[in-house]
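Here is the structure we will look at.
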Amino acid sequence: MTVAAVFIDSNAARFTCTTYPEYRLGVWDKLTCAGDLKKLEDISTLENFAFFEGDIADAAVVTQIFSTCAVDSVMHLAAEAHADLANENPRVFVQTNVVGAVTWLNAARGAWGEHADRQKHLFYHTATDEVYGSLGAEGLFTETTAYDPRSPYSASKTASDHFVRVSHHTCGLSLVISNCSNKYGPIQYPEKRIPVVIRQMLERKPIPVYGKGENIRDWLFVGDHIAATDVIFHTGKSGETCDVGGDNEWKNSDLVTKWYAIVDVQLERPVGNALEIITFVADRKTHDLRYAIDASKLKNELNWEPKKQFDAYLSEMVDYYLNFFKHA
């Protein structure tokens, strides 16, 4: 597994080690700004878990890992994912997201040979719905939606998706790809949207909302995402893509307003008090209007559907981050 000391991937590592004790899981992480080994403390002593620190684009070391550890499958989760930073320095994102993916693809091809048996070897590449571009008020992304990246970040993810996909056609590499919507849940990196907003609410600092707050995102609980990756990894058809979504669209301004109301209640402040510090600011560059996924393929063919109810979980999520920042 590439990357494991961050939000989504630490959850994936924990799920894999505890659900499949017969698996030997090796995780690879460069431990950049979002990486934190504390997220792996509870599984670090398990016999079926091993951690390696390094750059996923270091071809010599990656090739050595394949030969010395007898790698039979890869779950490629690693990516630089901060869209605003990609606007400032796209080269870093190309290096990690594109060169990194190709490095692992080459190592897998070298170790497994051409036309690898799906039952013995698999390269699973996780990606993003941002590769599809921006939707208007209607419609949903599907597995057949044409790629239309609108930012350096989504361009780098598009390129990595294409390199993975063509490896199936050119050398028969067994692979699956998933493109997923926005994830939420505990232990997110503090600079991500949900933790940032809740921290600002706690400290009564102005909350910047881009544009008019009309941008829409589909939100999926991290545990549901991990369950989807698990079923795709084990039963997805080689060479195919599955889109993963929560069927849970929220306009940014509506979501922030709802969070504010919950924060006011939990901090015993007058409801509506926090709304006074919402600040609309100039929209950011490359800010797509709407993402929304049709996950019917995953539901119908692989019997998966999201279980966590977003609205019911909001208070629990806000409470988690309020406590986190109070004791940080």
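For the condition over 28 Å from residue 149 (Cβ atoms), among the aliphatic types (A, V, I, L, M) and buried (at least 17 other Cβ atoms within 10 Å of the Cβ), residue 56 does not qualify.
In region 139-169, the qualifying residues are those that are of a type in the set (A, V, I, L, M) and surrounded by fewer than 17 Cβ atoms within 10 Å (Cβ to Cβ), and the one that is nearest to the chain's Cα centre (by Cα) is 146. Across region 96-131, the qualifying residues are those that are acidic (Asp, Glu) and not in a helix (DSSP H, G or I), and the one among them that is surrounded by the most Cβ atoms within 10 Å (Cβ to Cβ) is 117. Among the candidates 276, 301, the residue that is part of a helix (DSSP H, G or I), out of contact with any helix residue (DSSP H, G or I) (no Cβ under 7 Å at 6 or more places or on another chain) and under 30 Å from residue 178 (Cβ atoms) is uniquely 301. Among the conditions (1) modelled with pLDDT of 95 or more; (2) crowded, with 21+ Cβ neighbours inside 10 Å; (3) of a type in the set (A, V, I, L, M), residue 81 misses just one, which is (1). Out of the residues in region 233-245 that are at negative phi and over 16 Å from the mean Cα position of the chain (by Cα), which is surrounded by the most Cβ atoms within 10 Å (Cβ to Cβ)? Checked region 233-245; the qualifying residue surrounded by the most Cβ atoms within 10 Å (Cβ to Cβ) is 236.
Please determine whether any residue of region 175-191 is aliphatic (A, V, I, L, M), outside any helix (DSSP H, G or I), within 22 Å of the chain's Cα centre (by Cα) and within 23 Å of residue 325 (Cα to Cα). Yes, that holds for at least one residue. In this structure, residue 16 does satisfy being surrounded by 13 or more Cβ atoms within 10 Å (Cβ to Cβ) and of a type in the set (Ser, Thr, Tyr). Residue 11 satisfies every condition listed in (1) surrounded by 14 or more Cβ atoms within 10 Å (Cβ to Cβ); (2) outside any loop (DSSP other than H, G, I, E, B); (3) without any contact (Cβ under 8 Å) to a residue 60 or more places away in the chain except (3). Consider only pairs whose beta carbons are under 7 Å apart and that are at least six residues apart or on different chains; among these, list those whose first residue lies in region 89-102 and is within 10 Å of residue 159 (Cα to Cα) and whose second residue is of a type in the set (A, V, I, L, M) and surrounded by 17 or more Cβ atoms within 10 Å (Cβ to Cβ). Taking only residues 6 or more apart or on different chains, the pairs are 97/79; 98/159; 99/57; 101/164.
Here's a check for you: in region 206-216, which residue that is out of contact with any Lys or Arg (no Cβ under 8 Å at 6 or more places or on another chain) and in a loop (DSSP other than H, G, I, E, B) is surrounded by the most Cβ atoms within 10 Å (Cβ to Cβ)? Among them, the one singled out is 211.
Results for (1) out of contact with any His (no Cβ under 8 Å at 6 or more places or on another chain); (2) surrounded by 19 or more Cβ atoms within 10 Å (Cβ to Cβ); (3) part of a strand (DSSP E or B), shown as yes or no for each residue.
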position: 218; (1), (2), (3): yes, yes, yes
position: 226; (1), (2), (3): yes, yes, no
position: 231; (1), (2), (3): yes, no, no
position: 247; (1), (2), (3): yes, no, no
position: 253; (1), (2), (3): yes, no, no
position: 258; (1), (2), (3): yes, no, no
position: 264; (1), (2), (3): yes, no, no
position: 286; (1), (2), (3): yes, no, no
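The conditions of being out of contact with any Cys (no Cβ under 9 Å at 6 or more places or on another chain), at pLDDT below 90, of a type outside the set (Gly, Ala, Ser) and surrounded by fewer than 15 Cβ atoms within 10 Å (Cβ to Cβ) are met by residue 38. The set of residues in region 86-95 being in contact with a helix residue (DSSP H, G or I) (Cβ under 8 Å, 6 or more places away or on another chain) and either at pLDDT 90 or above or closer than 17 Å to residue 177 by Cα (or both) consists of 90, 92, 93, 94.
Flag not set for residue 159, criterion: in contact (Cβ under 8 Å) with a residue 60 or more places away in the chain and either in a loop (DSSP other than H, G, I, E, B) or closer than 20 Å to residue 234 by Cα (or both). Taken as a whole, the condition of being modelled with pLDDT of 95 or more, closer than 16 Å to residue 141 by Cα and not small (Gly, Ala, Ser) does not apply to residue 288. Residues of region 292-328 that are out of contact with any Leu (no Cβ under 7 Å at 6 or more places or on another chain) and over 26 Å from residue 231 (Cβ atoms): 314, 315, 318, 319, 320, 321, 323, 324, 326, 327, 328. Each residue in region 57-76 was checked for being in a loop (DSSP other than H, G, I, E, B) and at pLDDT 90 or above, and 4 pass.
The values are calculated or read from the model by the stated rules, or taken from the named source; none is laboratory data. For clarity, every value in this text was computed on a predicted model and none was experimentally measured. When we count neighbours, we look across all protein chains shown, and the Cβ atoms used for this are built from the backbone with ideal geometry, even at glycine.
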